Amino acid sequence: MTGSFARRVLAGAGLGIALTVAGGAFAQQKEVVVGLQCDRTGATQIVGTSLCPGYHDYVALVNSKGGVEGHKIKVLEIDHEYKVPQGMEAYERFKKEGAVIVGVYGTPHIQAMTQKLTEDKIPGTSPGFGTAAAADGQRYPYIFPIAATYWSQGTAAVKFAKDQMGGSLKDKKIAFLFYDNPAGREPLPVLEELAKVEGFTMQTWAVPPPGVEMGAQVLDITQRFRADFVLAHLFGRSPSVSIKELKRVGFPLRKVVSFVWGSGEADIEAAGGWAAAEGYNTMQFAGVGSEYPVHKQIVEMYKKDGKPAPKEFASSVYYNRGMLIAVMHVEAIRNALKAKPGGGITGEDAKAGFEKIKGITLDGFMPPLEVTAKDHEGGGYVQIFQVKGGKFEKTTDWFRAYPEVLAKALKDHAPK
Amino acid sequence: MFFRESGVFHTTYQRDMALYPMPITKFAVAAFAVLFVGVLPFSMHEYYVSIVNLVLIAVVGALGLNILVGYTGQISIGHGAFMSVGAYTAANLIVRLDMPFWVAVPAGGAMAALIGAVVGIPSLRIKGLYLAIATLAAQLIIEWTINHVPWISGGVQASIEVPRPRLFGYVLNSQRDLYFFLLAFATVAIVATLNLVRSRIGRAFIAIRDQDIAAEIIGINIFRYKLLAFAISSFYAGVTGVLYTYYLGIANYEQFQIVVSIDYLAMIIIGGLGSVLGSIFGAIFVTLLPIVIRLFMESFGSLLFDPKDVLNLIPMLRLILFGALIIVFLVLEPEGLDRLWRNIRNYFRVWPFSY
């Protein structure tokens, strides 16, 4: 048995060398390298285990159809356990392998990498997290949020609440329940500004990490403050706890809207199932469900290999977000290659490619993004989906709100 | 190193405790200096330099923690927080007052030393696990404070962007530049620790570790030396935080959470408590092991598993292997990698005439 194992390893080593040689030869055939950071084992694995496969599947789909402008896309994935040193190491590795785009994962990571990315002129994406001020493409030329930042999510949440309350928030009470870390607090200045603009009373409740205990906060919100609407901005395990607690005290969940990281299928299931969470509103920056044409193509691709549809479809919210990131990367590369048909694109070309992305909707799967040199967020569109009858049901189309408030926040944040 | 010390006889205590116990050590040190300054940074790809940089930062932190835990026998789970104290002190000085690094680094260390000494006060009354919990409280309090006081943290994001260090107008921004920057501090830290532990202070620390009542009876001021141990150790931690801030270009409290404190404790336990070389081994081991396992898995993982599963398996297996290897090394030699190294060395020293 030992002998067979040794033979297997030896054969493996030989095959490995053969593959490396073949890979080397293949690399001369046109290829674009992209680095993807991932967290499949750390604090946010609930997201990572579905998001990263989504990314890979979309890239595989593009490659199976002949790639982008005659180039194949090669994805390097490194899991960083949501730790910053590992993330830095992963980034240097991507750079060594010649990555032209780095998909960054995690707020502390994008912050730690901001300076490096700018120095090395490699665009990094931080969809739905990271510094909201990075939407300003002139100040952060190589950081691309490419999806609604926490500020945009804040304005969208208030707009949604306003529509639900019959078009006015005057003298209403709004509770903001947030995870007590920098990412959780980020929407605060925007919400405070909106409270002035719309004339509502806002109070905030912080949930200290790890966020599995919020009975006191929820009681306070519902019994003493008597909130008319709750905006929840939580991460990890805590969204499901918030649903449970709000449900327990009898607060109607249709008067709750969660920001994007408390909006996955897993959160609903952990809160006691779809029936328990009926009415809960979730904010999304990518399509929800696996009925879009792009999913059908992925199923086709899997079928060709004789495999069933990927099991990650069951967690479509995060899977689709992974696909959205991949779509954005692919389109940036496509634009870059169009400008430079000979190939050999660099990070700078990819940056220019990002800034030309416009009107890629994939039949409603993607928001009507338009990334420009000034606006790296691409508009900051979101959709609201409500838990209804055992699934997420779309309640609004893509929308964004209060651009003047966002512009003011950006201006206030800029260094004087 | 492997050399025979025949013909070298120490006749005084001074000779016996010298930094260079034998003439050949000087050559060994010179050879290492040439290797690290002249050969290594220029023969490696920048990616590998970046890994060495992470090791260098870890070495400073591990040395500091080892002074406290390994030499003085006081436990601390608050070192991640002390690092953040150094990081934010330096970041504020750099951004608000435009201080150069040669002010920011010691200032960050000094502030951490001050806070560390305060946190060390309970060590006068309590020991062992109880002290661990007291320092754990410090970790949480400092984390909370930084997180909630915008004057320190620089706003809601609790992160301060810091420009790269400059030396005579030259901006150190490539991995290679930063390598020399970090190497200088790591070298100072190593030499300072080597000297500290063979000084009066170091001997007092060791006496307290071995038996604090006996140490008090022979005239060591426990109050002073315990707090001094906390202060010195926190100074190292603070410097680690500043180096880390310069390396990343940002001070962010999420990089100094309790996991970091535990990681550093793991480093010195694996490397060897009460040993300078052990701190270095531990820092190298804990920083490199995950990377090496991943490289190995990337090369061979796809032979045993489906390529799509490999992506899921690499990180999982890495965690399992990491834990397993730590256990293996500790079972193999509970006194750490340093002892393992000395055993190997002693074996070869008399080889082939071992008796």
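The values are calculated or read from the model by the stated rules, or taken from the named source; none is laboratory data. Predicted model, so just to flag it, every value in this text is computed and none were measured. Every residue, glycine as well, gets a Cβ built from its backbone with ideal geometry; the counts of neighbours run over all protein chains shown. Areas reflect the complete protein model, heavy atoms only, side chains present, ligands, DNA and RNA absent. Shrake-Rupley method; radii C 1.70, N 1.55, O 1.52, S 1.80 Å.
More than 26 angstrom separation, counting every C-alpha pair in region A:156-266; what % is that?
I get 10 percent for the Cα pairs in region A:156-266 exceeding 26 Å.
Quick one: in region A:234-299, what % of C-alpha pairs are over 19 Å apart?
Values: 724 of 2145 pairs.
For region A:234-299, the fraction of Cα-Cα distances above 19 Å is 34 percent.
With 25 Å as the limit, write out which pairs from A:K196/A:K394; A:K65/A:K388; A:K72/A:K296; A:K196/A:K255; A:K74/A:K307 have Cα-Cα distances beyond it, or answer none.
Checking Cα-Cα distances, A:K196/A:K394; A:K65/A:K388 exceed 25 Å.
For chain B, which whole percent of the accessible surface, found with a 1.4 angstrom probe, sits on carbon and sulfur atoms?
Working: 12200 of 16950 Å².
Within chain B, the accessible surface is 72 percent carbon and sulfur.
How large is the charge dipole for the protein assembly as shown, taken about the Cα centre, if only the Cβ atoms of Lys, Arg (+1) and Asp, Glu (-1) carry charge, to the nearest 20 debye?
My answer is approximately 680 debye.
Suppose we look only past 22 Å in the calculated P(r) of region B:243-330. What percent of the Cα-Cα pairs does that tail hold?
Cα-Cα pairs of region B:243-330 separated by over 22 Å account for 42 percent.
Mind jotting down the three principal axis lengths of region B:7-137 based on Cα atoms? Whole angstrom, largest first.
Ordered largest first, region B:7-137 gives principal extents of 52, 42, 26 Å.
Could you tell me how many degrees, from 0 to 90 and to the nearest 10, lie between the Cα long axis of helix A:238-248 and the main elongation axis, the longest principal axis, of the Cα atoms of chain A?
Tilt relative to chain A: about 30 degrees.
Roughly how large is the A-B contact in terms of buried accessible area, totalled over both chains, probe 1.4 Å, nearest 100 Å²?
3900 Å²
Just give the residues from region B:311-339 buried by at least 50 square angstrom of accessible area in the all-chains context relative to the isolated chain, probe 1.4 Å, and say none if nothing qualifies.
In region B:311-339, residues shielded by partner chains: B:L311, B:N312, B:P315, B:R318, B:L319.
Give me the one-decimal nm value for the distance between modelled label points at B:V350 and A:E348, 7 Å along each residue's Cα-to-Cβ direction.
It is 6.6 nm.
What order, most packed first, do the peptides A:344-351, B:229-236, B:30-37, B:261-268 have when packing is the mean number of other Cβ atoms within 10 Å of each residue?
Values: A:344-351: 19.0, B:229-236: 27.9, B:30-37: 12.6, B:261-268: 22.0.
Most protected by this proxy first, the peptides run B:229-236, B:261-268, A:344-351, B:30-37.
When Cβ neighbours within 10 Å are restricted to other protein chains, what is their mean count per residue of peptide B:53-61?
On the way: counts 4, 5, 0, 0, 1, 1, 0, 0, 0.
Mean shielding count: 1.
Starting from 0 in steps of 10 Å, tell me what percent of the Cα-Cα pairs of region B:23-349 lands in each bin.
6, 24, 32, 26, 11, 2, 0
Indicate the gyration tensor shape class of region B:125-170 (rounded, prolate or oblate), computed on the Cα atoms with a ≥ b ≥ c the square roots of the eigenvalues: a/c under 1.5 is rounded; otherwise a/b larger than b/c is prolate and the rest oblate.
oblate
Among the trypsin sites (Lys or Arg not before Pro) in region A:84-115, which ones are in a DSSP loop with at most 11 other Cβ atoms within 10 Å of the Cβ? Mind listing them?
For trypsin sites (Lys or Arg not before Pro) across region A:84-115 that sit outside H, G, I, E and B with at most 11 neighbouring Cβ atoms in 10 Å, the list is empty.
Please give the average number of partner chain Cβ atoms lying within 10 Å of the Cβ of each residue in A:81-92, rounded to a whole number.
What the average comes to for A:81-92 is 6.
Taking only the C-alpha atoms, wrap a convex hull around region A:340-416 and report its volume per residue in Å³ as a whole number.
157 Å³
For region A:165-187, which residues drop by 20 square angstrom or more in accessible area between the chain on its own and all protein chains together (1.4 Å probe)?
The answer is A:D180, A:N181, A:P182, A:R185, A:E186 - residues whose exposure falls by at least 20 Å² when every protein chain is included.
For the protein assembly as shown, with every protein chain kept in place, what is the accessible area per residue (1.4 Å probe, Å²)?
Working: 32570 Å² over 771 residues.
Ligands and nucleic acids excluded, the figure is 42 Å² per residue.
Within region B:317-355, what residues put their amide N at less than 16 Å from the label point 7 Å along the Cα-to-Cβ vector of B:I206?
Label zone hits: B:339.
Which distance in Å, rounded to a whole number, links the C-alpha centroids of region B:208-283 and region A:327-344?
Their Cα centres are 50 Å away from one another.
In nm, what is the difference between 0.36 nm times the number of residues separating B:S299 and B:F9 and their Cα-Cα distance?
Using 0.36 nm per residue and subtracting the Cα-Cα distance, I get 99.3 nm.
Would you work out which of A:V75, A:M88, A:Y55 lies farthest towards the positive end of the dipole of region A:51-113, given +1 charges on the beta-carbon of Lys and Arg and -1 on that of Asp and Glu, about the Cα centre?
Of A:V75, A:M88, A:Y55, it is A:V75.
Per residue, what volume in Å³ does the Cα convex hull of region A:278-416 take up? Can you show the working numbers first?
Working: hull volume 20.6 nm³, N = 139.
Hull volume over Cα atoms, normalised by residue count, gives 149 Å³.
Got a sec? Charge dipole of the protein assembly as shown, +1 on Cβ for Lys and Arg, -1 for Asp and Glu; which of A:S290, A:A135, B:L313 is way out at the positive end?
Going by the charge dipole, the pick is B:L313.
Where in region B:65-168 are there trypsin sites (Lys or Arg not before Pro) that are in a DSSP coil and have at most 14 other Cβ atoms within 10 angstrom of their Cβ? Please report the intermediate quantities before stating the final value.
On the way: sites: B:R96, B:R125, B:K127, B:R166; in loops: B:R125, B:K127.
Hits after loop and neighbour filter: B:R125, B:K127.
Which aspartates and glutamates, if any, have their Cα less than 19 Å from the Cα of A:K303, not counting same-chain residues under 8 positions apart?
A:D57, A:E291, A:E312, B:D306, B:D309
When the gyration tensor of the protein assembly as shown is built from Cα positions, what are the square roots of 5 times its three eigenvalues, in whole Å, from largest to smallest?
So the equivalent ellipsoid measures 47, 33, 24 Å along its semi-axes.
Seen from all sides and averaged, what is the projected area of the convex hull of the Cα atoms in region A:231-347, in nm²? Intermediate values should be presented prior to the final figure.
Numbers: hull surface 40.2 nm².
For region A:231-347, the mean projected area of the Cα convex hull comes to 10.1 nm².
Of the listed peptides B:175-185, B:145-155, A:35-45, B:65-75, what is their order by residue-averaged count of other C-beta atoms within 10 Å, with the highest listed first?
B:65-75, A:35-45, B:175-185, B:145-155
Which of B:F180, B:H148, B:N252 sits closest to the plus end of the dipole of region B:23-349, meaning its Cα is farthest towards the positive end, when Lys and Arg get +1 and Asp and Glu get -1 on the C-beta?
B:F180
Just how large is the dipole of chain B about the Cα centre, in debye to the nearest 20, putting +1 at every Lys and Arg Cβ and -1 at every Asp and Glu Cβ?
Rounded to the nearest 20 debye, it is 860 debye.
Mind computing the radius of gyration and Dmax over the alpha-carbon atoms of region B:151-266? Å is fine for both.
Calculated on Cα positions, Rg and Dmax stand at 18.4, 54 Å.
Please pull out the direction-averaged projected area of region B:79-126, using the convex hull of its alpha-carbon atoms, in nm² to one decimal place.
Over every viewing direction, the Cα hull of region B:79-126 projects on average to 3.3 nm².
Mind putting a number on the dipole of region B:125-265 about its Cα centre? Charges go on the C-beta only, +1 for Lys and Arg and -1 for Asp and Glu, and I need it in Debye to the nearest 20.
Value, rounded to 20: 500 debye.
How large is the Rg to Rh ratio of region A:42-121 when both quantities use alpha carbon positions and Rh follows Kirkwood? Let's see the in-between values first.
On the way: Rg = 13.7 Å, Rh = 13.8 Å.
Taking Rg over the Kirkwood Rh, I get 0.99.
When a/c reaches 1.5 or more, the comparison of a/b and b/c decides; with that in mind, is region B:123-209 rounded, prolate or oblate per its Cα gyration tensor?
oblate
What is the mean number of Cβ atoms from other protein chains located within 10 Å of the Cβ atom of each residue in peptide A:45-53, rounded to a whole number?
Working: counts 2, 0, 0, 2, 2, 0, 0, 2, 3.
Mean partner-chain Cβ count within 10 Å for A:45-53: 1.
Go ahead and collect, in residue order, the members of region B:121-164 whose backbone nitrogen is under 14 Å from a label point 7 Å along the Cα-Cβ direction of B:D98.
Backbone N within reach: B:163.
What list of whole percents do you get for P(r) of chain A, with Cα-Cα distances grouped in 10 Å bins up to the one holding the largest distance?
Per 10 Å bin, starting at zero, the Cα-Cα P(r) for chain A comes out as 5, 22, 32, 24, 12, 5, 1, 0 percent.
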